[in-house]
Amino acid sequence: MALRSLLMLPLALSTFSMAVTLYATHYDGNVYKLSLEGEGDDVSLKQIQVLQTCGKAPSWLTVDPERGLLWCSDESSPGTLTSLEIGNEGAMKELVRVAAPSGGVNSIIYPGQNNKNYLAIAHYGGTSISTWEIPFGDKQEVRPYEVLNFTLHNPGDAPQDQSRPHQVLLDPTTSFLVSPDLGADLVRVFLIDKETGKLNACDPIAYQEGSGPRFGLFIRSAETMQEGKTTLYIVEELGNRLCSFDVSYRDGLCPTFKELSCFIPYPGHKLPTNLATLSEIQADKQSLHISVRKDGLFDGNDSLVTLKLASDGTISREGSLISSGGVMPRALAINKKGDYIAVANQETSNVVILKRNLNTGELLKEVASLQVGRMPEPGQWMGLSSILWHE
Ligand SMILES: *[C@@H]1O[C@H](CO)[C@@H](O)[C@H](O)[C@H]1NC(C)=O
Ligand SMILES: *[C@@H]1O[C@H](CO)[C@@H](O)[C@H](O)[C@H]1NC(C)=O
């Protein structure tokens, strides 16, 4: 009997499977801490904490794992930047909130010399990119380190009348940043001056008028003949294309980009309605996933497109579709192991977890869904804005 219960022990322990933490921002003025419990297909998503923080319109979180911090940007005007303590698996706590340029939608941490770190924020509403020396230390008054303003000299408020930086993205060697600018039809490029942490503008990647580049990612493949080949993938919100660029590094100088391919990554290479737009792109090894807002293909719910990714960085032109489990999949995130993808659906305000095949990169099925925060009223700018795994 004793022997039997000893033998049972590992089995019993393995059913106490791990819980993983996710964080989500919501335009209702809160940041949510969630927990995914269980494993395989048998998982459940729970809300652990809700914290009113990060200004009126929390839009994006960047994790600073070394310091156990989240940096939260705020899309409202005037804007704010908030640091949240998440150390030791404890509850989230607001640490510092400072005034920032308006309309922050995305951020990234980049390194300088002597262990210095900086945070760059894309300000869609503020037509700028700001940078910050982090952590703040015990400064009396925290101000941006730099604010790069972009002026198009166009009258009006339409997205394409103004510069609209939508993202800031760090290249895999941490030598430069790119920023898709939806309003200017450019992907802006900045070489990082390592000594000072300042950003020096390079020649941007120019797009046709009306393309509206929105979001991207870098993939550095080590498995090819040319070791460390880097490819940049960018999706457009207005033209709805996915374009890829081969990146050439030039020591200490601005990188150059060569277009490899551009196509609408949707069956038939055409989106089904004029309302439909591409939103976010994420990838891990075998596949690349793009969220499509307002195609309504699954009984009114929207789609995620999956494209096969070869080890040399080339992508299949024909994608497969799966339901995002809600409406307006604004943001996507893949977990560390690569066996789940989390979707933040803005209009239905739910976080959905889809199972992902580790060998093929295919999205298999929805395994969990949870309504988080306030659902938007028709026409209201509300709902979930971002999602992040913290493992
Ligand atoms: C950038 O724009 C902001 C807001 O309009 C302004 O306060 C700031 O002085 C500008 N900075 C530069 C360097 O032009
Ligand atoms: C659409 O999403 C909602 C959650 O927002 C869910 O209850 C419903 O089952 C989904 N329907 C389909 C067909 O995916």
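The values are calculated or read from the model by the stated rules, or taken from the named source; none is laboratory data. Owing to the predicted nature of the structure, the values given are computational and were not obtained by experimental measurement. Note that we place each Cβ from the backbone using ideal geometry, even for glycine, and neighbour counts take in every protein chain shown. SASA here: full protein model, heavy atoms, side chains in, ligands and nucleic acids out. Shrake-Rupley method; radii C 1.70, N 1.55, O 1.52, S 1.80 Å.
When the chain is treated as a Gaussian network with alpha carbon springs shorter than 10 Å, the biggest mean-square fluctuation among Arg293, Arg330, Arg250 belongs to Arg250.
Each principal axis of the chain carries a Cα extent, and these read 79, 56, 50 Å when sorted largest first.
Out of Leu95, Val327, Asn154, whose Cα points farthest toward the positive end of the dipole of segment 93-390 (charges: +1 Lys, Arg; -1 Asp, Glu; placed on Cβ)? The Cα lying farthest towards the positive end belongs to Leu95. Protein heavy-atom accessible surface, 1.4 Å probe, per residue over segment 126-196: 43 Å².
Shown for the chain: the carbon plus sulfur share of the solvent-accessible area, taken with all protein chains present and a 1.4 angstrom probe, equals 51%. Working note: 222 nm ellipticity from helices only, DSSP H runs with n ≥ 4, each -39,500 (n - 2.57), summed and divided by the residues of the chain, gives -1000 deg cm²/dmol to the nearest 500. Scalar couplings 3J(HN,Hα) for segment 189-196, obtained by applying the Karplus form with A = 6.51, B = -1.76, C = 1.60 to θ = phi - 60°, are 10, 9, 7, 8, 7, 4, 5, 9 Hz; x denotes Gly and Pro. In the context of the full protein assembly, Glu377 retains an accessible surface of approximately 110 Å², using a probe radius of 1.4 Å and ignoring ligands and nucleic acids. With each pseudo-label sitting 7 Å past Cα toward Cβ, what's the Asn200-Arg220 distance in nm, one decimal? For the pair Asn200/Arg220, the computed spacing is 2.1 nm. Estimated at 0.36 nm per residue, the fully extended path between Leu253 and Asn115 surpasses their Cα-Cα distance by 47.5 nm. Give the residue list of chymotrypsin sites (Phe, Trp or Tyr not before Pro) in segment 195-279 that are DSSP loop and have at most 14 other beta-carbon atoms within 10 angstrom. When the chymotrypsin sites (Phe, Trp or Tyr not before Pro) of segment 195-279 are filtered for loop state and at most 14 Cβ neighbours within 10 Å, nothing remains. For segment 146-303, the equivalent ellipsoid derived from the alpha-carbon gyration tensor has semi-axes of 27, 22, 12 Å in decreasing order.
About its Cα centre, the dipole of the chain is roughly 360 debye, where the only charges are +1 on Lys and Arg Cβ and -1 on Asp and Glu Cβ. The residues of segment 316-391 expose, per residue, 40 Å² of accessible area to a 1.4 Å probe. Qualifying trypsin sites (Lys or Arg not before Pro) in segment 133-196, where qualification requires a DSSP coil assignment and no more than 14 other C-beta atoms within 10 Å, comprise Lys139. Convex hull volume of the C-alpha atoms in segment 159-251, normalised per residue: 95 Å³. For segment 133-222, applying the loop criterion from DSSP together with a ceiling of 11 other beta carbons within 10 Å to the GluC sites (Glu not before Pro) yields Glu141, Glu195, Glu209.
Taking label positions 7 Å along the Cα-Cβ direction at both Ile48 and Asn149, the computed distance is 4.2 nm, reported to one decimal. The string of couplings for segment 315-324 from the Karplus curve (6.51, -1.76, 1.60, θ = phi - 60°) is 10, 6, 7, 9, x, 10, 10, 9, 5, 7 Hz, one whole number per residue in order, with x for Gly and Pro. Note: relative contact order over segment 93-390, using C-alpha pairs below 8 Å and six or more positions apart, is 9 percent.
In segment 295-391, the C-alpha radius of gyration followed by the widest Cα-Cα span (Dmax) gives 14.0, 45 angstrom. Taking the Kirkwood radius as Rh and the Cα radius of gyration as Rg, segment 215-286 has a ratio of Rg/Rh equal to 1.04. For Ser324, the residues whose amide H sits under 5 Å from its own are Asp302, Ser303, Leu304, ignoring neighbours fewer than 5 places away on the same chain, with H placed 1.01 Å from N. For segment 380-391, 3J(HN,Hα) computed residue by residue from phi via the Karplus equation (6.51, -1.76, 1.60; θ = phi - 60°) reads 8, 7, 8, x, 5, 10, 7, 9, 9, 8, 10, 10 Hz, glycine and proline entered as x. Under 5 Å between amide hydrogens, built in the peptide plane, is the criterion, and for Ser163 it picks out Leu152 among residues at least 5 positions away or on other chains. Close amide H contacts of Arg214 (hydrogens built in the peptide plane, cut-off under 5 Å, sequence separation of 5 or more or a different chain): Val235, Glu236, Glu237.
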